[in-house]
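Readers should treat all values here as calculations from the given coordinates under stated rules, not as data from a laboratory. Here the structure is a predicted model, which is why all the values come from computation and not from measurement. Here the Cβ positions follow ideal geometry from the backbone for every residue, glycine too, while neighbour counts run over all protein chains shown.
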């Protein structure tokens, strides 16, 4: 398997509205020269969506003598051989696929996008092989990966720092003088070598020169968490604006927070960063990084529905749950889950989905046996392949406002006595209807917890059969009576 050494690598990727698809793939086996992998607005043919080519590969500073980009044994290699003074640009090189044209005006190049969009990717899967070697100094965040917006520059200008609002999720590699390297979520990384937050550094380390397989999942759904099947074969949940990282099928970074959440992901950047010798005094910062078998997938198929709302309310018959979808793709069904404590959920119902639909759909489910007090609900959406995602959790407070079969209505001369048992105190509406449903008398009353009795004047009603009704907190009871 090929590997890729790199100082900086930038891809731009526009979203896709289709099922899961490979947005970019490259194993560096089709040519032996860097130019074999570059297309831009000056090449023939020009860069185009789906061609799996880079917009730019090269040095940050053209005059640098310590960095190089080559195809080495079927790998894209970025090598740094030593010190070159305090100018950080001389230590960096980039490989980029971007819609940013690299000028100060930032003209957009539509063909530089990896896929058509918008909408932009909501759940990304990025996999690659990487080897980090030939280092003998502590170099925090010597190698940085970033997914972000179109503001990312093909030369890596403005670096990939947290102050750059174009970054969504950032993953770093830190090298150490003991010949080990680790992965981490960079918190502070500038050209002063200030380091990273230890809490975001993986506990697992790897020997210099070893090749590892990395799989990176990024959730940018902007609504809720998503489930995916990881390289370990297990199903995992990932919150919105979080990411998980696996190395050789082992989860090493879990639920790390995006640098800037909920932005449109249009770019992917790798940067082999410099270490400023004027600040750190390091005698050299040599390093090589090999990367190969890059695969970037838009996992939109893991999101077969767009849920527009999910809500619930307590009614006379139980808790009524309602939800709607804007669109559906391969949607088999919804499992309705309930919990008494918000942690332990179990299934109480199933509602069939629409399969494939480009229009809005409405669903409802009545929980006719809710727990007294607070009930927690969530939806588990299942597609036809058995994959599933879950909604946010909602709370519905159930109070049996009116006890079933407790309503009595007895006419006595010009009055009818309405008697019922309420579970709570509140404001109730008592009404008298004829058999056609027309309201002919109505009063609003204050209720107490327990037995309530009210007399309604019906002197103007002729003899006949009527319906007495009471409504309290959306719970209602009805009963017939004769005058």
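Take the Cα gyration tensor of segment 293-408, multiply each eigenvalue by 5, square-root it, and list the three semi-axes largest first, rounded to whole angstrom.
On the way: eigenvalues 210, 47, 22 Å².
Working through the eigenvalues yields semi-axes of 32, 15, 11 Å.
Principal axis lengths of segment 316-384 from Cα atoms, whole Å, largest first?
38, 25, 15
Suppose R0 equals 45 Å; then what is the FRET efficiency for residue 222 and residue 249 from their Cβ-Cβ distance, rounded to the nearest 0.05?
On the way: r = 29 Å, r/R0 = 0.64.
Plugging the Cβ-Cβ distance into 1/(1 + (r/R0)^6) gives 0.95.
Residues in segment 442-483, backbone N under 19 Å from the label point at residue 408 (7 Å along the Cα-to-beta-carbon vector): list them, ranges by number please.
Once the point is set 7 Å along Cα→Cβ of residue 408, 448-457, 466-471, 477-483 turn out to lie under 19 Å by backbone N, inside segment 442-483.
Run the numbers for residue 42 and residue 385: contour at 0.36 nm per residue of separation, minus the present Cα-Cα distance, in nm. Spell out each step's value before the answer.
Numbers: separation 343, 0.36 × 343 = 123.48 nm, distance 4.44 nm.
Length gained, residue 42 through residue 385: 119.0 nm.
Could you work out how far apart the two model spin labels at residue 442 and residue 311 are, taking each label as a point 7 Å from the Cα in the direction of the beta carbon, and quote it in nm?
2.2 nm
By counting other Cβ atoms within 10 Å of each Cβ, how are 260, 475 ranked from fewest to most? Each step should come with its number before you reach the end.
Details: 260 16, 475 22.
With the fewest neighbours first, 260, 475 line up as 260, 475.
May I ask you to compute the full-extension gain from residue 322 to residue 474, defined as 0.36 nm times their residue separation minus their alpha-carbon distance, rounded to one decimal in nm?
Values: separation 152, 0.36 × 152 = 54.72 nm, distance 1.55 nm.
Stretched out fully, the residue 322 to residue 474 stretch lengthens by 53.2 nm.
For segment 393-456, compute Rg over Rh where Rg is the Cα radius of gyration and Rh is the Kirkwood radius from the inverse mean 1/r over Cα pairs.
Working: Rg = 13.9 Å, Rh = 13.2 Å.
Radius of gyration relative to Kirkwood radius: 1.05.
Restricting things to alpha carbons, find the Rg to Rh ratio for the chain using the Kirkwood radius for Rh. Write out the running numbers ahead of the final one.
On the way: Rg = 31.7 Å, Rh = 26.2 Å.
Rg/Rh: 1.21.
Let a ≥ b ≥ c be the square roots of the eigenvalues of the Cα gyration tensor of segment 366-483; is it rounded (a/c under 1.5), or, if not, prolate (a/b larger than b/c) or oblate?
Details: a/c = 3.79, a/b = 2.35, b/c = 1.61.
Prolate.
FRET efficiency for residue 435 and residue 350, Cβ-Cβ distance as r, R0 = 41 Å, nearest 0.05? List each step's numbers first, then the result.
Details: r = 38 Å, r/R0 = 0.93.
So the FRET efficiency works out to roughly 0.60.
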